[in-house]
C-alpha cells in the first residue's frame, strides 16, 4: 500500500489509457493515476519497460495492463481501447502523451521522412486515438481526454529549428479544440496540456543543456515528470468538470515570457 499512502483517490475506479507510458511523463502518470485509484491501460513501443511498470504498480496494489505498439498505427489505438474494455469494462479517460521532437533544423534542410514521422507521431496519432476512444467514452456516458502538447506549439518565441515539432503540436491544439466543441454535449471533456522543459529522455542528460533550458523559464528550472502528470490528473478528474477545449500551460512561466 506504499504507493497509495496519502492519496485522495481522485480517479477511483476509473479506467484510463496512457500512451507514451514507458518513461518520462507517461510513466510518472501511470504511477500517479494508479495511486489515485485508476485502472490504467498502458501503451508505448518498449514492451520490457511497460511490463516492469505494470509489475511496479501491481506490487503497490494498483491495477494495470499494457500493450506494446506504435501510435502511428490506427489499429493500435483501437487495440488499446479493446484491452481496457476487456480487462476493466470500459474507458473513462485517456492521457494521449506519446510524442517525438524529431530532427531539429531549418525546413530547407529537413528530410521529408522526418517531417512525416513527426506529424504522424504527434498529430495523426491524436486523430487515431480520438476515433477509437470517443465511442468507448460515449458508451460510459462521458469521459475526459488529455493530449500532451507543448508551449512550442502555442507560442514558441521563434525558437529555431522546431518547424516540424511546432507544426504538429499547433495542429494538435486546433484538433483538440474542435473535438472539444463537437463532444462537449456528450459529457466528454477534451483538453491539451502544454509542458515547458521537462526532465525526460527528450531533453537528454547533458547538464549544460539542462541549465540552458532551465534558464529560459521564469522559474529558472525544468519540471519533474510528475509535475506534468499532476496537471493531467487535474484534467482527468472531476475537479475540472467545467474545463474543456483548453490549452493548459504547465510551463514554469514560459507563457508569460512568450505571449
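Nothing in this text is a laboratory measurement; each read-out follows from the coordinates by a stated rule. Every value quoted in this text rests on a predicted model; they were computed, and no experiment measured them. Neighbour counts are summed over all protein chains in view; Cβ atoms, including those assigned to glycine, are modelled from backbone coordinates with ideal geometry.
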statement: For the chain, longest principal axis from Cα atoms; helix 24-35 axis from its Cα atoms; angle between them, nearest 10 degrees, is 20
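Tell me what the chain gives for mean residue ellipticity at 222 nm when only DSSP H runs of n ≥ 4 count, each as -39,500 (n - 2.57), the sum divided by the residue total, rounded to 500 deg cm²/dmol.
The per-residue figure over the chain is -13500 deg cm²/dmol.
Given R₀ = 22 Å, FRET efficiency for residue 178-residue 243 by Cβ-Cβ distance, to 0.05?
Given R0 = 22 Å and the Cβ-Cβ separation, E is 0.85.
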message: Pick from 199, 139, 169 the residue whose mean-square fluctuation is largest in a GNM of the chain, springs joining Cα atoms under 10 Å.
response: 139
- prompt: Normalised by the residues of the chain, what does the relative contact order come to in percent, with Cα pairs under 8 Å and at least six apart?
  reply: 19
- request: Taking the convex hull of the Cα atoms, report for the range 101-178 its projected area averaged over all directions, in nm².
  value: 5.4
field: Tilt relative to the chain, helix 125-139 - C-alpha long axis, 0 to 90 degrees, to 10
entry: 30
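Could the peptides 241-247, 94-100 be put in order, highest first, of the mean number of other beta-carbon atoms found within 10 Å of their residues?
Numbers: 241-247: 15.4, 94-100: 26.1.
Sorting 241-247, 94-100 by mean packing, highest first, produces 94-100, 241-247.
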- request: Measure nothing but the geometry: give the 0 to 90° angle between the long axis through the Cα atoms of 47-59 and the longest principal axis through the Cα atoms of the chain, rounded to 10°.
  value: 50
